[in-house]
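Have a look at the structure below before the remarks.
The values are calculated or read from the model by the stated rules, or taken from the named source; none is laboratory data. Computed from a predicted model, the values in this text were never measured in an experiment. Every residue, glycine among them, receives a Cβ derived from its backbone with ideal geometry; neighbour counts consider all protein chains shown. We work out accessible area using only protein heavy atoms, side chains counted, and drop any ligands, DNA or RNA first. Shrake-Rupley method; radii C 1.70, N 1.55, O 1.52, S 1.80 Å.
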Amino acid sequence: MHASLPPALGAQVAQAAAIISHHLRDNLVAIHLFGSALHGGLKPLSDVDLLVVVKEPLRGDIGNALMAELLNASAPPGVNEAIRPLEVTMVARSRITPWRHPVRRELQFGEWLRADIEAGRFEGSIVDPDVTILLSKVLLHGTSLVGPEPRELFGPIPTSDVMQALLETAAQWNAPEDWAGEERHIVLALARMWFTASTGAITSKDDAAHWLAERLPEEHRTIVLGAAAAYRGEADDELAHHPDAVSAFIHYARAAIVEMAAARAI
């Protein structure tokens with residue numbers, strides 16, 4: 001395991017890697033750790049992010065069994081101090097080399113899917129524009145737990161494709177039902193997207209939130225800083241109690257991101 005990981009997290013990551021390796025066997029190419037565990041610092045509600053690369057597209061029964069067992073290596077946010085929520089995204093190398101956008105992901109595991117997985121409901125392989133952004137993060141800050149390092153497997157990813165992915169991701173959030181229950185997550189995601197659309201770089205949720213707060217009118221600044229404080233565990237998450245302010249920020253942020261990303265996607 002990565003030398004900088006705290007012992008408890010190292011044990012959890014090792015358990016997850018063992019489960020993944022057991023189910024994928026010879027189809028496994030690599031397991032990459034990325035995200036706040038390596039960049040930006042883990043916060044109380046942070047996920048542990050893993051990218052899994054397989055040689056060829058995955059059979060559904062193998063993916064379903066893998067996700068069911070990963071429940072044993074993950075826990076909902078804030079429930080278990082020793083076990084963090086896992087977020088595992090899988091792509092097939094044959095779909096990313098040679099590079100093309102958008103990317104089809106083989107599966108995605110996360111705690112928000114726990115009830116569905118326990119009930120035997122599994123999402124299949126789908127095209128997901130956000131994977132282009134995720135792979136950019138892995139190239140920038142990821143490290144290998146199993147197999148070759150990220151830069152040995154894929155990249156570089158054209159800036160125009162990253163900007164196109166920002167446009168397609170932002171297009172998902174149009175009305176309150178699109179962010180109900182996910183207000184904090186989406187506010188911070190938009191902060192990161194705004195940072196990337198503006199600078200071409202990628203940074204942590206917390207850093208993006210503070211970068212953006214300095215550039216926002218007061219009414220939007222309050223929403224972003226509130227989301228960041230809740231993410232750090234320094235305040236209760238009360239965004240759902242301010243639906244009009246959250247909605248106003250999301251529409252404001254989307255418009256800004258679309259304008260900047262569209263200009264750079266050409």
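Look at segment 127-138: where a residue is open to solvent by 20 Å² or more (accessible area, probe 1.4 Å) and a partner is of a type in the set (Phe, Trp, Tyr), sitting 6+ places away or on another chain with Cβ atoms under 9 Å, you get Lys137/Phe34. Taking first residues from segment 37-51 that are closer than 15 Å to Ala14 by Cα and partners that are of a type in the set (Phe, Trp, Tyr) and in a strand (DSSP E or B), the Cβ contacts under 7 Å between residues at least 6 apart in sequence or on separate chains come to Asp49/Phe34; Leu51/Phe34. Reported count of residues in segment 174-185, each being buried (at least 21 other Cβ atoms within 10 Å of the Cβ) and over 21 Å from Ala37 (Cβ atoms), is 2.
Identify all residues within segment 191-203 that are among the small types (Gly, Ala, Ser) and either more than 17 Å from Ile133 (Cβ to Cβ) or surrounded by fewer than 22 Cβ atoms within 10 Å (Cβ to Cβ) (or both); write none if there are none.
Within segment 191-203, Ser198, Gly200, Ala201 meet the criteria.
Of everything in segment 212-266, what is of a type in the set (D, E, K, R) and either touching a residue at least 24 places away in the same chain (Cβ under 8 Å) or touching a strand residue (DSSP E or B) at 6+ places or on another chain (Cβ under 7 Å) (or both)? Give them in sequence order.
First, the residues of segment 212-266 that are of a type in the set (D, E, K, R): 214-215, 218-219, 221, 232, 234, 236-238, 244, 254, 259, 264.
Selection gives Glu219, Arg232, Asp237, Arg254, Arg264.
Pairs needed: first member in segment 155-179, hydroxyl-bearing (Ser, Thr, Tyr); second member anywhere, in a helix (DSSP H, G or I); C-beta distance under 6 Å; at least 6 residues apart or different chains. Every condition considered, the pairs that remain are Thr169/Asp130.
Between Leu153, Leu188, Leu239, which is over 19 Å from the mean Cα position of the chain (by Cα), closer than 25 Å to Pro44 by Cβ and open to solvent by less than 20 Å² (accessible area, probe 1.4 Å)? Even if it seems obvious, please write down each step before you answer.
Details: Leu153 fails: closer than 25 Å to Pro44 by Cβ; Leu188 fails: over 19 Å from the mean Cα position of the chain (by Cα).
Testing whether each residue is over 19 Å from the mean Cα position of the chain (by Cα), closer than 25 Å to Pro44 by Cβ and open to solvent by less than 20 Å² (accessible area, probe 1.4 Å) leaves just Leu239.
The set of residues in segment 107-144 being closer than 14 Å to Val53 by Cβ and more than 18 Å from the chain's Cα centre (by Cα) is empty. Considering each residue of segment 13-35 in turn, none proves to be open to solvent by 30 Å² or more (accessible area, probe 1.4 Å), touching a Gly at 6+ places or on another chain (Cβ under 6 Å) and either under 13 Å from Val146 (Cα atoms) or among the hydroxyl-bearing types (Ser, Thr, Tyr) (or both).
Being assigned to a loop (DSSP other than H, G, I, E, B) and open to solvent by 30 Å² or more (accessible area, probe 1.4 Å) is the filter here; which residues of segment 210-236 pass it? Give the steps one after another, and end with the answer.
Residues of segment 210-236 assigned to a loop (DSSP other than H, G, I, E, B): 214-217, 232-236.
Across segment 210-236, the qualifying residues are Glu214, Arg215, Pro217, Arg232, Gly233, Glu234, Ala235, Asp236.
Scanning segment 52-90 for residues being open to solvent by less than 20 Å² (accessible area, probe 1.4 Å) and in contact with a Pro (Cβ under 8 Å, 6 or more places away or on another chain) gives a total of 3. Scanning segment 91-126 for residues that are open to solvent by 40 Å² or more (accessible area, probe 1.4 Å), modelled with pLDDT of 95 or more and basic (Lys, Arg) yields Arg93, Arg104, Arg114, Arg121.
Can you tell me which of Glu168, Glu177, Glu111 is farther than 18 Å from Leu190 by Cβ and acidic (Asp, Glu)?
Values: Glu168 fails: farther than 18 Å from Leu190 by Cβ; Glu177 fails: farther than 18 Å from Leu190 by Cβ.
Within the list Glu168, Glu177, Glu111, the selection yields Glu111.
Could you grab me the full set of residues in segment 139-150 that are within 27 Å of Ala68 (Cβ to Cβ) and open to solvent by 40 Å² or more (accessible area, probe 1.4 Å)? The answer is Val146, Gly147.
Among helices (runs of 4 or more DSSP H) lying entirely in segment 105-209, which contain 2 or more residues that are small (Gly, Ala, Ser) and out of contact with any Pro (no Cβ under 9 Å at 6 or more places or on another chain)?
Ranges flagged: 159-170, 183-199.
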